[in-house]
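The values are calculated or read from the model by the stated rules, or taken from the named source; none is laboratory data. None of the values given here were measured: they were computed from a predicted structure. Note: ideal-geometry Cβ built from the backbone for every residue, glycine included; neighbour counts use all protein chains shown. Each accessible area value is taken on the protein alone, full model and side chains, heavy atoms only, with ligands, DNA and RNA left out. Shrake-Rupley method; radii C 1.70, N 1.55, O 1.52, S 1.80 Å.
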Amino acid sequence: MPGKRRPWRKELKKQQRKRKRQNVAITRDRLLEEEEARKLKDCAYQQFLKQQELLEAQKLREIERLHDAEEEAWLRRDLLAHRQFRIQQQQRAAAEVAIRVKQEKELIAKLAEEQQRHVEREKREAAATVEFEEIMKCMERFLNNGGEPPPELRRVVESRPGQKLCALYERTNCCRYGPSCINNHRRPLLSNIIVVRHFFMHPLLEEENEHPEYANADGNLELSEQDLSEAYNEFFEDVVPEFEVFGYIQNFRAIRNTLRHLRGHVFVEYMEERSALKTFIKLQGRYYAGKQLNVEFANIQTWRSAICGT
Ligand SMILES: [Zn+2]
């Protein structure tokens, strides 16, 4: 039965190998122990062990020292970070205080400036009132005493003294920009010509065509033109006697330009300045057809350049 004996032999061999390995290990351990015991008895070995111990202790101390150094460095960094944070906080707080102080100073300066402007405006208004009263007295003296106008009334009022003259205002005594024009508007304090702004109004003048008389004429336009003409004649007959009360009129002209800043302005040229002054005093602020009159003295060089489409 050779087939049956084989496993048994295999197991036996295995057991033999195991025992052999165990014996080898036991022998090796015993030899090592003997070697160790022999070494322990050896003085040089003793010294070697002591040296090893010292080296180990030194190594531990070095590790400890490095650890301490690292911890100290970390603490220093932490302290530095805290210090920097505190410094930044202080800087931020100082910057905020500086901004607040600056804003307060600016506010105080602004208030002082406003106060100064207010005081100056009041001064100007008071001076203007005094000047106005003086001028009115001069005008009354001129009206009542006769003779030539006093030099005070020969003045020219300028909107922006020293600035370039407004060409349109010089020509027409009107400007689309009004008081906000950047150029200088000059008007006389007294003249024999007065202008009443937006006095003659008609629906045809409300149209934004600059010169409707140049537009293509059709039936309706002709009719409107006729309407305008009739309305103007009626206005003329109604108004001229009111103005003639104050003196002889040389010229009575209404602007029929549809531009907003020109439309309906009426210029009245008197023979005498005194007549224009009477009109100015009597009609200023009066109402005509529900509209408050705004009367000003005008300085027209030539009617041709001043009036568009009279
Ligand atoms: Zn102007």
Legend entry - Residue match in the stretch 181-193 (condition: touching a residue at least 60 places away in the same chain (Cβ under 8 Å), within 16 Å of the ligand (Cβ to nearest atom) and not in a loop (DSSP other than H, G, I, E, B)): yes
Inset, instruction - Quickly run through the stretch 139-169 and pick out the residues that are touching a residue at least 12 places away in the same chain (Cβ under 8 Å), charged (D, E, K, R) and either assigned to a loop (DSSP other than H, G, I, E, B) or near the ligand (Cβ under 9 Å from one of its atoms) (or both). - result: R155, R160, K164
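Which of the residues belonging to the stretch 256-295 are touching a residue at least 60 places away in the same chain (Cβ under 8 Å) and in contact with a Cys (Cβ under 7 Å, 6 or more places away or on another chain)? I'd like the intermediate steps shown before the answer.
To start, the set of residues in the stretch 256-295 that are touching a residue at least 60 places away in the same chain (Cβ under 8 Å) comprises 259-281, 283, 288, 291, 293-295.
H261, L262, H265 - these are the residues of the stretch 256-295 that are touching a residue at least 60 places away in the same chain (Cβ under 8 Å) and in contact with a Cys (Cβ under 7 Å, 6 or more places away or on another chain).
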Inset, instruction - Go through the residues of the stretch 272-293 one by one and say whether even a single one is crowded, with 21+ Cβ neighbours inside 10 Å and within 45 Å of the chain's Cα centre (by Cα). - result: no
Inset, instruction - Return a yes/no flag: does the stretch 102-119 have any residue that is over 24 Å from the mean Cα position of the chain (by Cα) and in a helix (DSSP H, G or I). - result: yes
Inset, instruction - Scan the stretch 254-271 residue by residue and report those that are more than 24 Å from G146 (Cα to Cα), open to solvent by 40 Å² or more (accessible area, probe 1.4 Å) and modelled with pLDDT of 90 or more. - result: none
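Per-residue answers, yes or no, for (1) within 60 Å of the chain's Cα centre (by Cα); (2) open to solvent by 90 Å² or more (accessible area, probe 1.4 Å); (3) among the acidic types (D, E):
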{"residue": "R19", "(1), (2), (3)": "no, yes, no"}
{"residue": "I26", "(1), (2), (3)": "no, yes, no"}
{"residue": "L31", "(1), (2), (3)": "no, yes, no"}
{"residue": "A37", "(1), (2), (3)": "no, no, no"}
{"residue": "Y45", "(1), (2), (3)": "no, no, no"}
{"residue": "F48", "(1), (2), (3)": "no, yes, no"}
{"residue": "E53", "(1), (2), (3)": "no, yes, yes"}
{"residue": "L60", "(1), (2), (3)": "no, yes, no"}
{"residue": "E72", "(1), (2), (3)": "yes, yes, yes"}
